[in-house]
Structure formats: structure tokens, C-alpha cells
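The values are calculated or read from the model by the stated rules, or taken from the named source; none is laboratory data. For clarity, every value in this text was computed on a predicted model and none was experimentally measured. Heads up, the Cβs are rebuilt from the backbone with ideal geometry, glycines too, and the neighbour counts pull from every protein chain shown. Remember, those area values only see protein heavy atoms, side chains included, never the ligands or the DNA or RNA. Shrake-Rupley method; radii C 1.70, N 1.55, O 1.52, S 1.80 Å.
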Amino acid sequence: DTGVSQDPRHKITKRGQNVTFRCDPISEHNRLYWYRQTLGQGPEFLTYFQNEAQLEKSRLLSDRFSAERPKGSFSTLEIQRTEQGDSAMYLCASSSSGTGYYNEQFFGPGTRLTVL
Amino acid sequence: AQKITQTQPGMFVQEKEAVTLDCTYDTSDPSYGLFWYKQPSSGEMIFLIYQGSYDQQNATEGRYSLNFQKARKSANLVISASQLGDSAMYFCAMRSEKLVFGKGTKLTVNP
């Protein structure tokens, strides 16, 4: 399977705990994106990387959130001191870079986080 | 700022009929891309169709076509010959770099 993979698929945690999610993009893609989707809403952009460089962060990404892509391959998204409002589906996507706007983003299956 | 508006929270269509899902957008960028994604209950986002702002013709992909009216800033998705497997959430999105999504339309195809 050469698609985008995410691990874990589901995570239940207690408020105040730290959680970390992993995303493995399509191997030849140098761009990697994180989105968050809450119930009844469309996905909202969190951050994106080109290779190992984090090029943009949304205001949604509070100080409790940190994302890394140390070798320009897989990425991790960590949430510290989780809150109930962090409960959401966290989606990862990857794409190639290039000119124009048609660089299709391929999405992973998502990690569903539930904070109790 | 870019914004996507999908005004139809839910739509119903009979199997084998066509359905149009509405999408309007707002941007000050002269160049942009418009996308439609399908999200079944499994949660993954499936790319359906793309329209570039400078494309002269409306995009088509199999049973999907995009009715792009640039002056009205609309990019409606038309699904022809609906199938039961088309039942899902549908999201319109705009891209400069990141994707900006609408709130989605839940399509239910009735047998």
C-alpha cells in the first residue's frame, strides 16, 4: 500500500495527558499537511511542511501543539495537556510540490482523538 | 481571507438521477484551485475533481462534473446517474497553498 498512513487510527485519552500521532506520507511527496476536523465541520488547516521545514502554522495550533518532520519523511503531531476541545479527527495529507495549484493532496485515514 | 460556503447541509436524490451540490467561494487571489472531496463514513478524504481558476472548460471526471461560474464565484459539483455508493459527505475546497474547506453537504442516495 503506497498511500498515506496514520497511526493510531483511534486514541482515547484522559484530559491532561499528552498524545502523539504519526503520519507516513506517500514516499515521493515532499509536502505534508495536518488538518483537524471536528464533528459536522470541514477539515481545518493546522500546519504544513515542505521536506523538513515547517512553512506555515495556523492560529489554531496553540502552544500545546507541536509538529515535526525531522528527516523530511514521516511527521509527528503532539498535543500536550489535552483538553476535551481537542477531541477531533486529525487528518494528514501529502502532495508533491511544483508550480500551479493542482498538486493533489492525498489524505490518510485520519486519527480520531477522544479526550475524556 | 479565503472562504468556502456550502449552503446545503443535506441533500437527497433518487438512485440513477443527477444531483447538484452547491459551492460558492470568496478570495482576492487572482489564481486559485477548486477541489471537491468525498468523505464516506470511514473518514478518509477522497479526491473527486479539480478546477483551476484559469481553466477555460469545466472539469469532468467520469460521473462528476464541475459547473464553474467564475463571475459568480461558484463551483457546483454535478453527480450524474447517482449510485448508492455516492452516499457520503462532500466537501468543496479552495487552495492557494493549504486547502480551505467548506462545512460539507451530506448526500443520501435513495434506492
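Annotation: B:LYS103 fulfils all but one of (1) in contact with a Pro (Cβ under 8 Å, 6 or more places away or on another chain); (2) more than 10 Å from every other protein chain (Cβ to nearest Cβ); (3) not hydrophobic (A, V, I, L, M, F, W, C); the unmet one is (2).
Within segment A:54-67, restricting attention to residues that are in contact (Cβ under 8 Å) with a residue 12 or more places away in the chain and either within 13 Å of another protein chain (Cβ to nearest Cβ) or not aliphatic (A, V, I, L, M) (or both), the residue that is farthest from A:GLU28 (Cα to Cα) is A:ARG64. Say we look at segment B:24-70 and pick out the residues that are within 11 Å of another protein chain (Cβ to nearest Cβ), under 11 Å from the mean Cα position of the chain (by Cα) and of a type in the set (A, V, I, L, M, F, W, C); which of these is surrounded by the fewest Cβ atoms within 10 Å (Cβ to Cβ)? Step by step, filter segment B:24-70, then rank; the result is B:PHE47. Of the residues making up segment A:1-44, those that are of a type outside the set (Asp, Glu), closer than 30 Å to B:THR7 by Cβ and touching a strand residue (DSSP E or B) at 6+ places or on another chain (Cβ under 6 Å) number 8. Here A:ALA53 meets each of (1) surrounded by fewer than 16 Cβ atoms within 10 Å (Cβ to Cβ); (2) at pLDDT 95 or above with one exception, condition (2). Applying the set (1) within 18 Å of A:PRO43 (Cβ to Cβ); (2) open to solvent by less than 30 Å² (accessible area, probe 1.4 Å); (3) in contact (Cβ under 8 Å) with a residue 40 or more places away in the chain; (4) over 13 Å from the mean Cα position of the chain (by Cα) to B:ALA75 leaves exactly one unmet item: (4).
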